[in-house]
Amino acid sequence: MRGNKDFFVVFITVAGVLGFVVLLHFFAEESPLASRTAPVAAMTGLVDQGRRIARNCSPCHDMTSTRKLTQVGPPLWGIVGKGAGAVPGYKYSQAHASAGQSGVVWNESSLNRYLDNPKEFIPGNKMAFAGLHDDVERKALIEYLKTLQEPKDAG
Ligand code: HEC
């Protein structure tokens, strides 16, 4: 009987040590993975926040890939990387069209300034939007606008 009990104690100890080693291994594998996915998760959060903020824009802008011209403002699908005033078929104000002709391209920095204060960035443009003054909200919105295009590697 006593032999059995010793065997049992040894067995539990070995199993415990093995279990501990396996767990250690698991966490060691897990931590680099966690740090690799964290920025992606943070970015997804920002895009989601941007999507919510963009509800303020959709009364005037179509934001889908159908690029509807029926709204007050030009459709915004694919806007990042495009020149200002470059959506075919949309009638821009003279001020906005001239900005495009003078070389304004929509990238993170120009959108950041325009969306902060549209009237200051393009004086005389007809977008009736006072601006989004919160830096983080603008960043989130721009991250969202960047997603409004076909995936680069599609097809
Ligand atoms: C009240 C309507 C209205 C709202 C709200 C509005 N816009 Fe606009 N937006 C316009 C109009 C109109 C223009 C065209 C300006 C012109 O031609 O002078 C425009 C132009 C733009 C342009 C330039 C497009 C191009 O092709 O050069 C961008 C970018 C833009 N808006 C982004 C936004 C974003 C992002 C929001 C939400 C935060 C927003 N707008 C909210 C009406 C609006």
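For residues that are free of Cβ contacts under 8 Å to residues at least 12 places away in the same chain and over 22 Å from Glu150 (Cβ atoms), tally how many sit in region 82-97.
Counting residues in region 82-97 that are free of Cβ contacts under 8 Å to residues at least 12 places away in the same chain and over 22 Å from Glu150 (Cβ atoms) gives 1.
Which ones in region 132-155 are among the small types (Gly, Ala, Ser) and buried (at least 16 other Cβ atoms within 10 Å of the Cβ)?
Ala140
For His96, all conditions in the list (1) surrounded by fewer than 18 Cβ atoms within 10 Å (Cβ to Cβ); (2) outside any loop (DSSP other than H, G, I, E, B) hold save one; what is the number of the exception?
Failing condition for His96: (1).
I'd like to verify a number: residues in region 50-64 that are assigned to a loop (DSSP other than H, G, I, E, B), touching a Leu at 6+ places or on another chain (Cβ under 9 Å) and within 6 Å of the ligand (Cβ to nearest atom), how many?
So the count comes out to 2.
Residues in region 65-90 that are within 20 Å of the chain's Cα centre (by Cα), at negative phi and within 11 Å of the ligand (Cβ to nearest atom): how many?
6
Tell me yes or no: at least one residue of region 133-143 is closer than 19 Å to Arg67 by Cα and touching a Lys or Arg at 6+ places or on another chain (Cβ under 8 Å).
No, that holds for no residue.
Considering every residue within region 104-122, establish whether at least one is more than 6 Å from the ligand (Cβ to nearest atom), small (Gly, Ala, Ser) and touching a Phe, Trp or Tyr at 6+ places or on another chain (Cβ under 8 Å).
Yes: one or more hits.
Readers should treat all values here as calculations from the given coordinates under stated rules, not as data from a laboratory. It should be emphasised that the depicted structure is a prediction, and the values quoted were computed from it without experimental measurement. All Cβ positions, even for glycine, are placed from backbone atoms using ideal geometry, and neighbour counts span all protein chains on display.
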